[in-house]
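The values are calculated or read from the model by the stated rules, or taken from the named source; none is laboratory data. Since we're looking at a predicted model, the values are computed, not measured. Counting neighbours? That spans all protein chains shown, and the Cβs are built from the backbone with ideal geometry, glycine included.
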Amino acid sequence: MSAEHKYVGMTGNEAVAHAIKQINPDVIAAYPITPQTDVVQYYSQFVADGEVGTEMVTVESEHSAMSATIGASAAGARAMTATSSQGLALMWEMLHIAAGDRLPIVMPVVNRALSSPINIHCDHSDTMGSLTTGWIQLYSENAQEAYDNTIQAVKIAEDPRVLLPVMVCYDGFITSHAVDNLELLDTEVVRQFVGQYKPQRPLLNLDDPITVGPLVLPDYYTEIRAQESEAMVRSREVILEVAREFEKISGRRYGFFEEYKMDDAERAIVVLSSTAGTTKAVVDQLRAKGEKVGLLKPRVVRPFPAKELVEALSGLKAVAVMDRAETFSTQGGQIFTELRAAFYAEPKRPLMRGYIFGLGGRDTTTREIKRVFDDLSSDIERGRVGQLVSYLDVRA
């Protein structure tokens, strides 16, 4: 391991702010919202101390934060912002514009429940609600992954084959405010990795004037959306390429998802972000008793790696998918419904059930995770799923 690497204790928000400091973007537009506030607060100190060359723009709302970031990015700047929950919701129309204008913005999103009722704690209703906006989404289990994903996100977004904005998602308070051990890269290594931003067609290039965000009627709207969709498809190879390059400078391997003790597993849980850590502890406990259980932790949700997920899970007897957000489709959470659909044409399918869990920051302990594995055992014994979708932790 390189002597340039540095081991530190940081909260998730500190780690992400430090990653942005090492990236040194041209512009950050900022508006505070719990539990994201620390990110821009730490960064404002870096700006005030002259440690970065970033132009920091304080605005009157999250809608304005994304609007200013879009303007800066369209002008040719490397631009970033950050938000949570209601802030992401207030940005809603601008999320579509950022993606539709093919602007490589990177935005950490600290996952928090949406109102009403008001709740400042973690679930994934904010980012799950934004899956149709055209943003790539990366999810992080801990501070290390949030730091690493932020650095990789810049290179993914700015790749000429992609040119789409990226959300880096991690759990509010659980990851954002808890102190974790992590390894930082040397700043020069990070800056060489992300490189100098070279905008494709900046708005301020007076020798090659363009229009950004014009009125497009039925004549070309479909083609524009098709091109955006093709960019999302191309991002799959770019995400993996960037991950391989990142492994060379960090020693840490990333892909579309992480498999934990899946080689001979018969039962597995699929779950995002910090709950994967709790699940790993239960997998270890059950493995010590001789039970063949495992975990699959998705990292990339947009684009959805359907083919790879099917390949990883098709040999199992039973799978539980845990979603920390409700879709109100009555068919389960977003990851469950998309994964179940991915298996539709497959001849070999595991029994699959879905759980809604952890809404509004409700704790998910090893007890609940063990219960999920027990439910899968019962499904295997009876040869069918007992209940397709249920709330894991609702009080009777």
Subject >> Selection within region 283-327 - out of contact with any strand residue (DSSP E or B) (no Cβ under 8 Å at 6 or more places or on another chain) and not in a loop (DSSP other than H, G, I, E, B) >> reply: Asp284, Gln285, Ala288, Ala306, Lys307, Val310, Glu311
Original post:
Can you tell me which residues in region 366-393 are surrounded by 12 or more Cβ atoms within 10 Å (Cβ to Cβ), among the polar types (S, T, N, Q) and not in a helix (DSSP H, G or I)?
Top reply: Ser390
Original post:
Do we have any residue at all in region 14-26 that's surrounded by fewer than 19 Cβ atoms within 10 Å (Cβ to Cβ) and either within 19 Å of the chain's Cα centre (by Cα) or in a loop (DSSP other than H, G, I, E, B) (or both)?
Top reply: yes
Original post:
For the subset of region 132-149 comprising residues that are of a type in the set (Gly, Ala, Ser) and crowded, with 23+ Cβ neighbours inside 10 Å, which member is farthest from Val162 (Cα to Cα)?
Top reply: Ala143
Original post:
Which one is surrounded by the most Cβ atoms within 10 Å (Cβ to Cβ), of the residues in region 331-357 that are assigned to a loop (DSSP other than H, G, I, E, B) and more than 24 Å from the chain's Cα centre (by Cα)?
Top reply: Pro350
**OP:** Please determine, by comparing only the residues of region 160-198 that are over 23 Å from Thr69 (Cα atoms) and polar (S, T, N, Q), which one is surrounded by the most Cβ atoms within 10 Å (Cβ to Cβ).
**Re:** Thr175
Original post:
From the residues in region 199-224 that are assigned to a helix (DSSP H, G or I) and free of Cβ contacts under 8 Å to residues at least 12 places away in the same chain, which one is surrounded by the most Cβ atoms within 10 Å (Cβ to Cβ)?
Top reply: Tyr221
Subject >> Cross-chain or 6+ apart pairs with Cβ under 7 Å, region 327-338 first and at positive phi, then of a type in the set (Asp, Glu) and buried (at least 23 other Cβ atoms within 10 Å of the Cβ) >> reply: Gly332/Asp323
**OP:** Tell me, please, whether a residue that is assigned by TED's automatic domain parsing to the domain that holds Asn149, acidic (Asp, Glu) and farther than 20 Å from Val16 by Cβ can be found in region 62-74.
**Re:** no
Original post:
Is it true that some residue in region 226-249 is over 22 Å from the mean Cα position of the chain (by Cα) and under 30 Å from Phe357 (Cβ atoms)?
Top reply: no
